[in-house]
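Quick notes on the structure that follows.
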Amino acid sequence: MNDPLTLVQTHELRLGGRAVAEYVWRPHVPNTLSPRPFLHPVRTLSGIGVTEAMPPDHLHHLGASVAVPDVGGANFWGGRTYVRGRGSVPLPNHGVQRHHRWEARTDAVLAHELRWTRIDGTAIMRERRRIAARPVDDRAWALDFRYSLQNLTADPLVISSPGAKGRTGAGYGGFFWRARRGLRSVRILGPGVAGEDRLHGACAAWLALSAKGPDPWTLVFVPEAGPDEPWFVRGGDYVGVGPSLAWSQPLKALPGEGPRRRIITVIADGALDAGAVEALVETVAASPAPREA
(Lines give C-alpha, C1' and ligand atoms only; values in the text may rest on other atoms or scores of the structure.)
Protein backbone atom coordinates (compact mmCIF):
# COMPACT_ATOMS: atom_id res chain seq x y z
CA MET A 1 0.00 0.00 0.00
CA ASN A 2 1.05 3.61 -0.56
CA ASP A 3 2.21 5.57 2.45
CA PRO A 4 -0.52 8.23 3.01
CA LEU A 5 2.15 10.86 3.57
CA THR A 6 3.51 10.34 0.06
CA LEU A 7 0.07 11.09 -1.39
CA VAL A 8 -0.20 14.55 0.17
CA GLN A 9 1.03 17.41 -2.02
CA THR A 10 1.57 20.90 -0.65
CA HIS A 11 2.86 24.31 -1.72
CA GLU A 12 4.55 26.74 0.64
CA LEU A 13 3.56 30.41 0.59
CA ARG A 14 6.47 32.72 1.47
CA LEU A 15 6.93 36.40 2.20
CA GLY A 16 10.32 38.02 2.64
CA GLY A 17 11.99 34.63 2.83
CA ARG A 18 9.64 33.42 5.58
CA ALA A 19 7.16 30.56 5.23
CA VAL A 20 3.75 31.92 6.23
CA ALA A 21 1.42 29.11 5.11
CA GLU A 22 1.21 25.63 3.64
CA TYR A 23 -1.43 25.01 0.98
CA VAL A 24 -2.39 21.34 0.88
CA TRP A 25 -3.65 21.24 -2.69
CA ARG A 26 -3.83 17.45 -2.90
CA PRO A 27 -4.84 16.12 0.54
CA HIS A 28 -5.09 12.53 1.71
CA VAL A 29 -7.91 12.38 4.23
CA PRO A 30 -10.86 9.98 4.74
CA ASN A 31 -13.73 10.43 2.32
CA THR A 32 -16.09 11.18 5.23
CA LEU A 33 -14.20 14.47 5.73
CA SER A 34 -15.10 15.65 2.19
CA PRO A 35 -11.50 15.90 0.90
CA ARG A 36 -10.60 19.37 -0.34
CA PRO A 37 -7.57 21.66 -0.62
CA PHE A 38 -6.89 23.66 2.54
CA LEU A 39 -4.41 26.01 4.17
CA HIS A 40 -2.62 24.59 7.22
CA PRO A 41 -0.60 25.59 9.02
CA VAL A 42 -1.04 29.33 8.54
CA ARG A 43 1.44 31.34 10.63
CA THR A 44 2.02 34.90 11.79
CA LEU A 45 5.22 36.63 10.70
CA SER A 46 6.84 35.47 13.96
CA GLY A 47 5.84 31.87 13.24
CA ILE A 48 2.79 31.39 15.48
CA GLY A 49 0.30 28.87 14.08
CA VAL A 50 -3.26 30.17 13.74
CA THR A 51 -5.08 27.24 12.09
CA GLU A 52 -6.16 23.75 13.15
CA ALA A 53 -6.75 20.75 10.91
CA MET A 54 -8.62 17.57 11.80
CA PRO A 55 -9.07 18.50 15.50
CA PRO A 56 -10.62 15.76 17.67
CA ASP A 57 -13.87 17.69 18.19
CA HIS A 58 -14.52 18.16 14.45
CA LEU A 59 -12.27 16.01 12.28
CA HIS A 60 -13.74 17.55 9.12
CA HIS A 61 -12.47 21.05 10.00
CA LEU A 62 -9.47 21.49 7.70
CA GLY A 63 -7.61 24.73 8.48
CA ALA A 64 -8.86 27.42 6.10
CA SER A 65 -10.86 26.06 3.19
CA VAL A 66 -14.01 26.40 1.11
CA ALA A 67 -16.55 23.96 2.54
CA VAL A 68 -20.28 23.75 1.80
CA PRO A 69 -22.65 21.34 3.62
CA ASP A 70 -24.97 20.71 0.68
CA VAL A 71 -24.55 21.29 -3.05
CA GLY A 72 -27.25 19.47 -4.98
CA GLY A 73 -27.42 16.82 -2.25
CA ALA A 74 -23.63 16.33 -2.02
CA ASN A 75 -21.81 17.10 1.24
CA PHE A 76 -18.68 19.22 0.66
CA TRP A 77 -18.35 20.11 4.36
CA GLY A 78 -17.62 16.70 5.84
CA GLY A 79 -19.12 14.78 8.71
CA ARG A 80 -22.84 14.26 9.08
CA THR A 81 -25.53 15.77 6.85
CA TYR A 82 -28.44 17.71 8.32
CA VAL A 83 -31.80 16.36 7.14
CA ARG A 84 -34.94 18.32 7.94
CA GLY A 85 -37.00 16.43 10.51
CA ARG A 86 -34.21 13.92 11.26
CA GLY A 87 -31.29 16.06 12.41
CA SER A 88 -27.65 15.33 11.52
CA VAL A 89 -27.26 11.84 10.13
CA PRO A 90 -24.39 9.93 8.48
CA LEU A 91 -25.00 9.63 4.73
CA PRO A 92 -22.88 8.24 1.88
CA ASN A 93 -22.93 11.58 0.06
CA HIS A 94 -19.49 13.13 0.61
CA GLY A 95 -18.08 15.07 -2.31
CA VAL A 96 -14.48 15.81 -3.23
CA GLN A 97 -12.85 19.03 -4.48
CA ARG A 98 -10.19 17.85 -6.93
CA HIS A 99 -7.30 19.88 -8.30
CA HIS A 100 -7.64 20.10 -12.10
CA ARG A 101 -4.87 22.37 -13.35
CA TRP A 102 -2.58 25.18 -12.22
CA GLU A 103 -2.95 28.71 -13.58
CA ALA A 104 -0.23 30.32 -11.44
CA ARG A 105 2.17 28.94 -8.84
CA THR A 106 4.79 31.19 -7.20
CA ASP A 107 6.05 31.88 -3.68
CA ALA A 108 3.24 34.35 -3.02
CA VAL A 109 0.48 33.53 -5.55
CA LEU A 110 -1.43 30.36 -6.26
CA ALA A 111 -4.22 30.02 -8.80
CA HIS A 112 -5.81 26.79 -9.92
CA GLU A 113 -8.91 25.22 -11.33
CA LEU A 114 -10.80 22.55 -9.39
CA ARG A 115 -13.68 20.16 -9.99
CA TRP A 116 -16.27 19.51 -7.30
CA THR A 117 -17.36 15.89 -7.74
CA ARG A 118 -20.07 13.71 -6.23
CA ILE A 119 -19.23 10.44 -4.50
CA ASP A 120 -19.60 8.64 -7.86
CA GLY A 121 -17.00 10.94 -9.46
CA THR A 122 -19.47 13.09 -11.43
CA ALA A 123 -18.26 16.70 -11.66
CA ILE A 124 -21.04 19.11 -10.72
CA MET A 125 -19.11 22.36 -10.24
CA ARG A 126 -16.01 24.00 -11.67
CA GLU A 127 -14.05 26.32 -9.42
CA ARG A 128 -11.37 28.89 -10.13
CA ARG A 129 -9.43 29.79 -6.99
CA ARG A 130 -6.73 32.40 -6.41
CA ILE A 131 -4.73 32.74 -3.19
CA ALA A 132 -2.20 35.53 -2.70
CA ALA A 133 0.02 36.44 0.24
CA ARG A 134 1.10 40.05 0.63
CA PRO A 135 2.76 42.16 3.34
CA VAL A 136 0.79 44.66 5.41
CA ASP A 137 3.29 46.01 7.95
CA ASP A 138 6.04 44.73 10.24
CA ARG A 139 3.58 42.77 12.39
CA ALA A 140 1.03 41.55 9.84
CA TRP A 141 0.48 40.03 6.41
CA ALA A 142 -2.67 39.44 4.36
CA LEU A 143 -4.07 36.31 2.75
CA ASP A 144 -6.19 37.31 -0.24
CA PHE A 145 -8.52 34.40 -1.08
CA ARG A 146 -11.05 34.43 -3.88
CA TYR A 147 -13.05 31.75 -5.60
CA SER A 148 -15.71 31.47 -8.28
CA LEU A 149 -18.03 28.51 -8.73
CA GLN A 150 -19.76 27.41 -11.95
CA ASN A 151 -22.58 24.88 -12.19
CA LEU A 152 -21.52 22.18 -14.68
CA THR A 153 -24.86 20.36 -14.72
CA ALA A 154 -27.83 20.91 -17.01
CA ASP A 155 -30.12 21.81 -14.10
CA PRO A 156 -30.08 24.41 -11.31
CA LEU A 157 -27.92 23.42 -8.34
CA VAL A 158 -29.14 24.28 -4.85
CA ILE A 159 -26.43 25.39 -2.40
CA SER A 160 -27.76 24.94 1.11
CA SER A 161 -26.92 24.68 4.82
CA PRO A 162 -28.53 23.28 7.96
CA GLY A 163 -29.68 26.84 8.67
CA ALA A 164 -31.51 26.95 5.35
CA LYS A 165 -33.15 23.62 6.27
CA GLY A 166 -34.53 24.87 9.57
CA ARG A 167 -31.69 24.43 12.09
CA THR A 168 -31.53 27.86 13.70
CA GLY A 169 -28.12 29.53 13.70
CA ALA A 170 -26.44 26.80 11.64
CA GLY A 171 -26.06 28.65 8.36
CA TYR A 172 -22.44 27.66 7.86
CA GLY A 173 -20.84 27.10 4.47
CA GLY A 174 -18.41 28.92 2.18
CA PHE A 175 -14.94 30.13 3.18
CA PHE A 176 -14.33 28.80 6.69
CA TRP A 177 -11.38 29.26 9.05
CA ARG A 178 -10.82 26.89 11.99
CA ALA A 179 -8.56 28.80 14.36
CA ARG A 180 -6.13 27.39 16.89
CA ARG A 181 -7.02 28.42 20.42
CA GLY A 182 -4.52 26.49 22.54
CA LEU A 183 -4.22 28.13 25.98
CA ARG A 184 -5.40 31.49 24.70
CA SER A 185 -8.49 33.50 25.51
CA VAL A 186 -10.06 34.67 22.24
CA ARG A 187 -12.15 37.84 21.86
CA ILE A 188 -14.53 38.20 18.91
CA LEU A 189 -14.73 41.75 17.58
CA GLY A 190 -16.76 43.56 14.95
CA PRO A 191 -17.40 47.20 14.02
CA GLY A 192 -18.54 48.78 17.30
CA VAL A 193 -19.56 45.43 18.81
CA ALA A 194 -17.98 42.40 20.47
CA GLY A 195 -18.94 38.86 21.46
CA GLU A 196 -20.12 35.70 19.75
CA ASP A 197 -23.72 36.27 20.84
CA ARG A 198 -23.82 39.65 19.06
CA LEU A 199 -21.84 38.75 15.95
CA HIS A 200 -23.02 35.22 15.16
CA GLY A 201 -25.60 35.68 12.40
CA ALA A 202 -24.88 39.39 12.12
CA CYS A 203 -24.00 41.23 8.93
CA ALA A 204 -20.82 43.20 9.59
CA ALA A 205 -18.20 44.66 7.26
CA TRP A 206 -15.42 42.80 9.10
CA LEU A 207 -14.87 40.38 11.96
CA ALA A 208 -11.77 39.79 14.08
CA LEU A 209 -10.44 37.17 16.49
CA SER A 210 -8.01 38.56 19.06
CA ALA A 211 -6.18 35.91 21.11
CA LYS A 212 -4.52 36.80 24.41
CA GLY A 213 -2.17 34.54 26.37
CA PRO A 214 0.96 32.71 25.25
CA ASP A 215 2.01 33.76 21.72
CA PRO A 216 -0.91 36.16 21.11
CA TRP A 217 -2.30 36.72 17.62
CA THR A 218 -5.12 38.47 15.76
CA LEU A 219 -7.06 37.47 12.65
CA VAL A 220 -9.12 40.07 10.78
CA PHE A 221 -11.57 38.85 8.13
CA VAL A 222 -12.67 41.39 5.50
CA PRO A 223 -15.03 40.06 2.79
CA GLU A 224 -15.26 41.97 -0.47
CA ALA A 225 -19.05 41.66 -0.38
CA GLY A 226 -19.07 43.78 2.77
CA PRO A 227 -21.91 43.31 5.26
CA ASP A 228 -24.24 41.42 2.88
CA GLU A 229 -23.69 37.91 4.27
CA PRO A 230 -24.17 36.89 7.91
CA TRP A 231 -21.17 35.61 9.85
CA PHE A 232 -21.02 32.11 11.23
CA VAL A 233 -18.98 32.44 14.44
CA ARG A 234 -17.95 29.99 17.13
CA GLY A 235 -15.82 30.91 20.15
CA GLY A 236 -16.93 28.50 22.89
CA ASP A 237 -16.25 24.81 22.25
CA TYR A 238 -14.01 25.78 19.33
CA VAL A 239 -12.97 28.90 17.43
CA GLY A 240 -14.14 29.20 13.82
CA VAL A 241 -15.30 31.95 11.45
CA GLY A 242 -16.78 32.24 7.98
CA PRO A 243 -19.22 34.39 5.99
CA SER A 244 -22.24 32.30 5.05
CA LEU A 245 -23.26 31.49 1.48
CA ALA A 246 -26.73 30.28 2.52
CA TRP A 247 -27.55 31.42 6.07
CA SER A 248 -31.31 30.90 6.21
CA GLN A 249 -32.22 30.58 2.53
CA PRO A 250 -30.67 28.30 -0.11
CA LEU A 251 -28.68 29.78 -2.97
CA LYS A 252 -29.54 28.59 -6.47
CA ALA A 253 -26.87 28.33 -9.17
CA LEU A 254 -28.24 28.14 -12.71
CA PRO A 255 -26.39 26.06 -15.34
CA GLY A 256 -23.12 27.78 -16.20
CA GLU A 257 -23.43 30.17 -13.25
CA GLY A 258 -22.50 30.30 -9.58
CA PRO A 259 -21.33 32.52 -6.73
CA ARG A 260 -18.06 34.50 -6.70
CA ARG A 261 -16.50 35.54 -3.42
CA ARG A 262 -13.35 37.24 -2.14
CA ILE A 263 -12.17 37.53 1.46
CA ILE A 264 -8.97 39.04 2.82
CA THR A 265 -7.66 37.72 6.12
CA VAL A 266 -5.06 39.78 7.96
CA ILE A 267 -2.80 37.61 10.13
CA ALA A 268 -1.11 39.68 12.85
CA ASP A 269 1.14 39.12 15.81
CA GLY A 270 -0.24 40.36 19.14
CA ALA A 271 -3.73 40.58 20.64
CA LEU A 272 -4.96 43.76 18.96
CA ASP A 273 -7.78 45.94 20.27
CA ALA A 274 -10.69 47.29 18.20
CA GLY A 275 -8.85 50.50 17.27
CA ALA A 276 -5.81 48.64 15.93
CA VAL A 277 -8.09 46.26 14.03
CA GLU A 278 -9.95 49.19 12.43
CA ALA A 279 -6.60 50.60 11.27
CA LEU A 280 -5.72 47.27 9.63
CA VAL A 281 -9.11 47.16 7.90
CA GLU A 282 -8.53 50.65 6.50
CA THR A 283 -5.07 49.64 5.28
CA VAL A 284 -6.45 46.58 3.50
CA ALA A 285 -9.34 48.53 1.99
CA ALA A 286 -6.91 51.07 0.55
CA SER A 287 -4.79 48.40 -1.14
CA PRO A 288 -5.39 47.83 -4.86
CA ALA A 289 -7.15 44.62 -5.88
CA PRO A 290 -4.76 42.04 -7.35
CA ARG A 291 -4.75 41.36 -11.06
CA GLU A 292 -6.96 38.49 -12.24
CA ALA A 293 -5.16 35.18 -12.64
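The values are calculated or read from the model by the stated rules, or taken from the named source; none is laboratory data. In this text, all values refer to a predicted model and were calculated from it rather than measured experimentally. Cβ placement follows ideal geometry from the backbone for every residue including glycine, while neighbour counts extend to all protein chains displayed. All accessible areas refer to the heavy atoms of the entire protein, side chains included, with ligands and DNA or RNA removed. Shrake-Rupley method; radii C 1.70, N 1.55, O 1.52, S 1.80 Å.
At-a-glance table
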read-out	value
Test for PHE145: is it buried (at least 18 other Cβ atoms within 10 Å of the Cβ), touching a Gly at 6+ places or on another chain (Cβ under 9 Å), modelled with pLDDT of 95 or more and not in a loop (DSSP other than H, G, I, E, B)	no
Residue ID - surrounded by the most Cβ atoms within 10 Å (Cβ to Cβ), chosen from residues in segment 45-59 that are farther than 15 Å from TRP77 by Cβ and within 15 Å of the chain's Cα centre (by Cα)	VAL50
Residue in segment 188-202 that is within 22 Å of HIS60 (Cα to Cα), open to solvent by 10 Å² or more (accessible area, probe 1.4 Å) and among the aliphatic types (A, V, I, L, M) present	no
Yes/no for SER65 being loosely packed, with under 15 Cβ neighbours inside 10 Å and on the phi < 0 side of the Ramachandran plot	no
Subset of segment 191-218 [part of a strand (DSSP E or B), over 15 Å from GLY49 (Cα atoms) and in contact (Cβ under 8 Å) with a residue 40 or more places away in the chain]	ALA194, ALA208
Any chance ARG129 is outside any loop (DSSP other than H, G, I, E, B), farther than 22 Å from SER65 by Cβ and charged (D, E, K, R)	no
Count of residues meeting criterion [open to solvent by 20 Å² or more (accessible area, probe 1.4 Å), at positive phi and in contact (Cβ under 8 Å) with a residue 12 or more places away in the chain] in segment 15-39	1
Residue check, ARG130 open to solvent by 30 Å² or more (accessible area, probe 1.4 Å), under 19 Å from GLY242 (Cα atoms) and basic (Lys, Arg)	yes
Residues satisfying the stated conditions in segment 129-152, i.e. within 18 Å of PRO259 (Cβ to Cβ) and under 15 Å from the mean Cα position of the chain (by Cα)	ARG129, ARG130, ILE131, ASP144, PHE145, ARG146, TYR147, SER148, LEU149
Cβ-Cβ under 7 Å pairs, at least 6 apart or on other chains, segment 256-274 side at positive phi, far side outside any strand (DSSP E or B) and at pLDDT 95 or above	GLY270/ARG139; GLY270/PRO216
Residue in segment 233-247 that is without any contact (Cβ under 8 Å) to a residue 40 or more places away in the chain, more than 17 Å from ASP197 (Cβ to Cβ) and open to solvent by 10 Å² or more (accessible area, probe 1.4 Å) present	no
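A quick yes/no check of all residues on (1) under 17 Å from the mean Cα position of the chain (by Cα); (2) under 19 Å from LEU143 (Cβ atoms); (3) of a type outside the set (Val, Ile, Thr):
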| position | (1), (2), (3) |
| --- | --- |
| ALA202 | no, no, yes |
| GLU224 | yes, yes, yes |
| PRO243 | yes, yes, yes |
| ALA246 | yes, no, yes |
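Table: residues versus (1) modelled with pLDDT under 95; (2) in contact with a Phe, Trp or Tyr (Cβ under 8 Å, 6 or more places away or on another chain); (3) in a strand (DSSP E or B).
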residue	(1), (2), (3)
VAL220	no, yes, yes
GLY240	no, yes, yes
LYS252	no, no, yes
GLU257	no, no, no
ALA271	no, yes, no
GLU278	no, no, no
VAL281	no, yes, no
VAL284	yes, no, no
